[in-house]
Structures are given as structure tokens and as C-alpha cells.
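Peer 1: The structure's right below; bear with me while I get my questions together.
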């Protein structure tokens, strides 16, 4: 059954959840409050007409701005690294993020879309910026800069490399990693866990590294606390074939090598 925007607006909370359970992974329902789910379903019904939706929402009483991105995924791995690279270049900090790729799109009316074969991503990020050493929610000016640059980069008008060059990014130091592991998961996925020091651009480095390894991020949960990151990624091969145990376990040392190299940002170095 296809859903129209008008139908979503009048659905009960229970009907909204039932609809989302057909297209979202189980982890989504652990993290997304009921109040957020209707908004997400509304955004999903708008994608065929708008292609890219950037929804900013202040969180009163907190130093955070919520950004929800709903868009068609890139044909090749790397959309999330573009997002993270853009935010890093603009000195916007990702405090928490929930990343999802729709399992199937039968609820979305794509009859008038040229992108019916493409996957859709629904990402929610909690963002902040530094102001005299303290974190605050994004100002209206910063929100507009983020909106403008993401629209240009995700629309293919400029590259992350060009934006990083313009903002004079310096080479990355080796990242101090507390723990990293990878193992086979379910549904052709491998599961990667990473605990490391927080550092400007760390999520960009990580997602660009996974893209360089030819891995698609299907689901991810990003957390930053007390100057450390604690992240988990569920990834698939571009071929969508299962990982052998050896293949899955080989991801962690390869990613460690990328993150502990002292180099320019991935886009500037031409590695990714």
C-alpha cells in the first residue's frame, strides 16, 4: 500500500509505527521517540518530489540542533562521508547521530520519480558549535551555511575536497583508538564497533575510510561523550553478498590503519 502525504498527516500513532516497521530496522524504534516518527514518515513521502530534504529543529534547553536528512542514497558508498566532511569543514560538531537506510520502499509513492530504483536514507544528527570554548546550538547563520553547503555537495555542484580546501583544513594527526572490532552480523551485514578519542573530523575520517573499503553503511549509531566517540556501524558490501568470518574480521585492522595514519583529510589526499 502506498502512502500519500495527506494520509500520513491523519494517521494515528499506532498506524504510523506499523507503517514504519515495514521499512525501518528494529534499532530505529529503540532510538526514535514517538513524537519524531510521524515527522520521519512525512519526510519519506516527500522524497520522490524533492529528492533532498534538510530539516533543522532546535532543541530548547539544550546546546543542540537536530538535523534530519532524508534523501536518495548515492550509487556508490560515500554519502555519509560527504555529510560528515561538510559538517567538519564548517566546524560543526556531531554529538549524536542515528543513520538508517530503508530496507524497502513500498510505502513511498515514486510513480513520478526518476529515482525509483535508488535506496533512501533517513539520518538524524544532533549538532552543536563551539562558542568561546563552550558548545551551543547552531545559530541561524550557521544553519543557513550548513543548508547551503550540504545542498551544493549532495547535489554534486562542489566536492568535499573543494570545501575542505576552501576552509584550510590541516593534516590529521594519528587517531588514538581505544577499541575497534568487526564481526559478521545478520542480513549480509558486518558489525563494526569503534571507541576512540574525539577529534575534529573523526566521523568524516571513519565514514570515508569505510567508503574507501567499498562498504555501504546501512545503519549506524554515533555517540560522543567526555572527549570520546563510541560508534557502531552495520555495513554491507556493494554486491550485497554475505561476509565470510575472515572478511568481516579484516575490516577492523584495515580501518585502524586508515585512522592511525597521519595524513591530509581523505578528500584532499585523493585517497577516497
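Just so it is clear, none of the values below were taken in a lab; they were calculated from the coordinates. The structure displayed is predicted, hence computed values, not measured ones. Here the Cβ is made from the backbone with ideal geometry for all residues, glycine too, and neighbour counts use every protein chain on show.
Peer 1: Sort out which residues of the stretch 233-250 are under 19 Å from the mean Cα position of the chain (by Cα) and surrounded by 15 or more Cβ atoms within 10 Å (Cβ to Cβ), and write them in order of number.
Peer 2: Passing the criteria: 233, 234, 235, 236, 237.
Peer 1: Given the conditions (1) crowded, with 20+ Cβ neighbours inside 10 Å; (2) farther than 30 Å from residue 161 by Cβ, which single one is not true for residue 13?
Peer 2: Residue 13 satisfies every listed condition except (1).
Rundown of residues vs (1) farther than 21 Å from residue 154 by Cβ; (2) in contact (Cβ under 8 Å) with a residue 60 or more places away in the chain; (3) part of a helix (DSSP H, G or I), yes/no style:
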residue	(1), (2), (3)
42	no, no, yes
49	no, yes, yes
57	no, no, no
65	no, yes, no
81	no, yes, yes
86	no, yes, yes
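Peer 1: Taking residue 153 as the residue in question, decide whether it is free of Cβ contacts under 8 Å to residues at least 40 places away in the same chain, more than 22 Å from residue 25 (Cα to Cα) and in contact with a helix residue (DSSP H, G or I) (Cβ under 9 Å, 6 or more places away or on another chain). Outline the logic, then answer.
Peer 2: Working: free of Cβ contacts under 8 Å to residues at least 40 places away in the same chain: no; more than 22 Å from residue 25 (Cα to Cα): yes; in contact with a helix residue (DSSP H, G or I) (Cβ under 9 Å, 6 or more places away or on another chain): yes.
Spelling it out, it is not the case that residue 153 is free of Cβ contacts under 8 Å to residues at least 40 places away in the same chain, more than 22 Å from residue 25 (Cα to Cα) and in contact with a helix residue (DSSP H, G or I) (Cβ under 9 Å, 6 or more places away or on another chain).
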